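Novice: Below is one structure. I have some questions about it.
The values are calculated or read from the model by the stated rules, or taken from the named source; none is laboratory data. The structure displayed is predicted, hence computed values, not measured ones. Because the Cβ atoms are built from the backbone with ideal geometry, glycine has one as well, and the counts that use them run over all protein chains shown.
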Amino acid sequence: MKKFIKVILIFFTLIILVALNYAIFKIIKDQKNKTAETPQQDTEINPIYESLEYPIDKNVDYRLNVSSTDLVLPENTSNKVYRIDENNKYYPSKTMTDSIAEEQNIQIEINDNDILLYESATSNISLEYYIGKHYFNIYFIDETTRNNTDSFNLSSSKIIAQKKLDELSLWPWDETNEYEILYQFYKVSGNNYNLTQSIEEASLLEVTFTSIIDDIQVIGSRTSSGEIKVKFDTPNHIKSIYYAYRPIVEGEVGMYPIKSIYTALEEIPFGKCELIQDFESAGITTVYLELATVNYRITFDEQNYLQPIYAFEGTDNNDQLVTILTPAIEDSYLITPDWMQ
């Protein structure tokens with residue numbers, strides 16, 4: 001009898017131990033899921049700058065229906081704001097373009113209120129600098145021939161692009177800062193550039209170099225516009241360079257309260273957002289959002305600060321890819337744009 005009772009006690013002890021282990025496992029798992037669903041952010045608030053420019057341009061004048069049931073939330077977020085360092089030697093300025101022009105033996109041919117055009121009849125390089133927007137394009141006008149069997153090579157294109165930027169003193173990254181590379185292929189027909197996934201069909205390769213700050217990507221005024229783009233029209237020839245790099249003042253950061261991602265989602269139907277489309281899609285009524293990320297935004301209209309925004313990616317009711325941008329910083333710290341007044 002005693003032996004039977006001992007067996008029963010051992011049996012129940014094992015059941016209790018299994019139940020406790022399962023409960024501990026469940027608590028840990030739930031905590032991990034909670035962390036994944038609610039991205040962590042810095043709680044310190046220290047808004048050291050004046051009011052910030054509104055980081056998006058409203059371009060939606062109609063009500064959007066938003067479906068976010070399958071939305072994957074950001075892995076991380078940030079409430080940090082950085083000031084653009086206009087005195088940095090890699091900041092796109094007239095001093096920089098004048099220096100490039102002198103080295104390439106080209107001079108200003110057209111000077112209006114918006115654009116400076118540098119060129120020369122004896123040079124195969126031209127440069128256009130956009131005044132006030134602080135970015136420029138360099139065009140290489142060499143006649144190129146391409147065999148139909150030639151295909152772009154990503155690794156060699158990266159090396160060639162970096163070497164050319166370095167030659168022009170336009171390569172801003174070193175071992176202390178990070179960047180990301182994006183490759184996009186285009187099939188060119190006349191003046192139309194159509195994205196393609198096929199490297200064999202592509203007649204143009206665009207290599208985009210984008211800064212990473214606090215493990216967060218910096219994006220430009222369009223989601224596909226990185227800070228520096230190098231376009232190839234043959235595997236070994238650069239067609240153009242687009243330069244809009246934005247250095248930040250190191251060691252200086254403002255900490256601002258940010259909206260929850262759910263508040264940002266609620267603002268989208270009422271037009272407090274910027275809609276980005278790779279291809280024009282008429283009659284958009286609904287967007288199906290699948291992925292949310294936090295990015296730093298650069299703009300070209302005298303925006304002196306790099307601030308976090310939410311970027312929601314998905315498709316519309318026409319099955320076209322869309323990205324929707326909304327501010328992440330609380331509205332009370334942003335300058336109210338005219339379209340909100």
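For (1) assigned to a strand (DSSP E or B); (2) at pLDDT below 90; (3) in the same structural domain as N317 (by TED's automatic domain parsing), each residue gets a yes or a no:
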residue: L9; (1), (2), (3): no, yes, no
residue: T13; (1), (2), (3): no, yes, no
residue: I27; (1), (2), (3): no, yes, no
residue: K34; (1), (2), (3): no, yes, no
residue: Q40; (1), (2), (3): no, yes, no
residue: V60; (1), (2), (3): no, yes, no
residue: E75; (1), (2), (3): no, yes, yes
residue: Y118; (1), (2), (3): yes, no, no
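Novice: Based on what the data block shows, is T326 among the polar types (S, T, N, Q) and buried (at least 21 other Cβ atoms within 10 Å of the Cβ)?
Specialist: On the way: among the polar types (S, T, N, Q): yes; buried (at least 21 other Cβ atoms within 10 Å of the Cβ): yes.
The answer is yes for T326.
Novice: Looking only at strands (runs of 3 or more DSSP E) that fall completely inside the stretch 155-239, which ones have 3 or more residues that are on the phi > 0 side of the Ramachandran plot, modelled with pLDDT of 85 or more and assigned by TED's automatic domain parsing to the domain that holds I138?
Specialist: none
Novice: Then there is this: Return the residues of the stretch 90-116 that are free of Cβ contacts under 8 Å to residues at least 24 places away in the same chain, closer than 17 Å to H134 by Cβ and part of a loop (DSSP other than H, G, I, E, B); say none if nothing qualifies.
Specialist: D112, N113, D114
Novice: So which residues in the stretch 43-58 are in a loop (DSSP other than H, G, I, E, B), under 21 Å from the mean Cα position of the chain (by Cα) and surrounded by 15 or more Cβ atoms within 10 Å (Cβ to Cβ), if there are any at all?
Specialist: E53, Y54, P55, I56, K58
Novice: Where the second residue is part of a helix (DSSP H, G or I) and among the charged types (D, E, K, R) and the first is under 30 Å from L127 (Cα atoms) and lies in the stretch 237-266, which pairs have Cβ atoms under 7 Å and are six or more apart or on separate chains?
Specialist: I238/K164
Novice: Do the conditions hold for F152, that is, is it of a type in the set (A, V, I, L, M, F, W, C), part of a loop (DSSP other than H, G, I, E, B) and under 16 Å from F232 (Cα atoms)?
Specialist: When the stated conditions are applied, F152 passes them.
Novice: Then there's this: When only residues in the stretch 244-267 that are aromatic (F, W, Y) and either at pLDDT 95 or above or in a helix (DSSP H, G or I) (or both) count, which is surrounded by the most Cβ atoms within 10 Å (Cβ to Cβ)?
Specialist: Y256
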